[in-house]
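The values are calculated or read from the model by the stated rules, or taken from the named source; none is laboratory data. Source: prediction; values computed, not measured. Ideal geometry is used to build each Cβ from the backbone, glycine not excepted, and the neighbour counts take in all protein chains shown.
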Amino acid sequence: MIAIIVLFILSALLMYIWNQKRPNNFPPGPPPLPIIGNIHQMPRGHFWIGVNKWSEDYGPIIGLSVLNFFIVVITGVDNVVAALRKDEFQARPDNVVTREKMFGKLLGIFFSSGEQWSSSRKFIVKQMGAFGK
């Protein structure tokens, strides 16, 4: 009986460790804790100051884990512009929380993909150009 319980606990632990592994080619970032990831390290108040410190330590592209979601933070104007322009960067994660907040659709430049992303980007670039004049 004890052997079965130990085997169950070990298999649950191995499954947990396997699910916590960072994806291949994931950018460097602060080391996460099990389950909560980096949520305890998230800067409070002035978020950009904490992200700026991370960018000094880990580079302009930072990988974080928050409650089993993997997040990539991009710093620097040139890097953000490149990420918003290239088609390789337009895919966004599809999750229940995002869809719930967006009334069942992935809207806006940061949440949409494909044609919706392209049209949102064109609209924002046009409006930002008009705003700067």
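Kindly evaluate residue 80 against the criterion of being in a helix (DSSP H, G or I), touching a residue at least 24 places away in the same chain (Cβ under 8 Å) and of a type in the set (Val, Ile, Thr).
Details: in a helix (DSSP H, G or I): yes; touching a residue at least 24 places away in the same chain (Cβ under 8 Å): no; of a type in the set (Val, Ile, Thr): yes.
Here the answer is no, as residue 80 does not meet what is asked.
Within region 38-46, does at least one residue satisfy the condition of being closer than 20 Å to residue 80 by Cα and modelled with pLDDT of 85 or more?
There is no residue in region 38-46 that is closer than 20 Å to residue 80 by Cα and modelled with pLDDT of 85 or more.
Among the residues of region 35-53, write down those that are surrounded by 13 or more Cβ atoms within 10 Å (Cβ to Cβ), free of Cβ contacts under 8 Å to residues at least 12 places away in the same chain and not in a helix (DSSP H, G or I).
Correct list: 43 only.
Cβ-Cβ below 6 Å, separation at least six or inter-chain, first residue in region 54-72 and closer than 10 Å to residue 27 by Cβ, second aromatic (Phe, Trp, Tyr) and surrounded by fewer than 16 Cβ atoms within 10 Å (Cβ to Cβ): which pairs?
63/26
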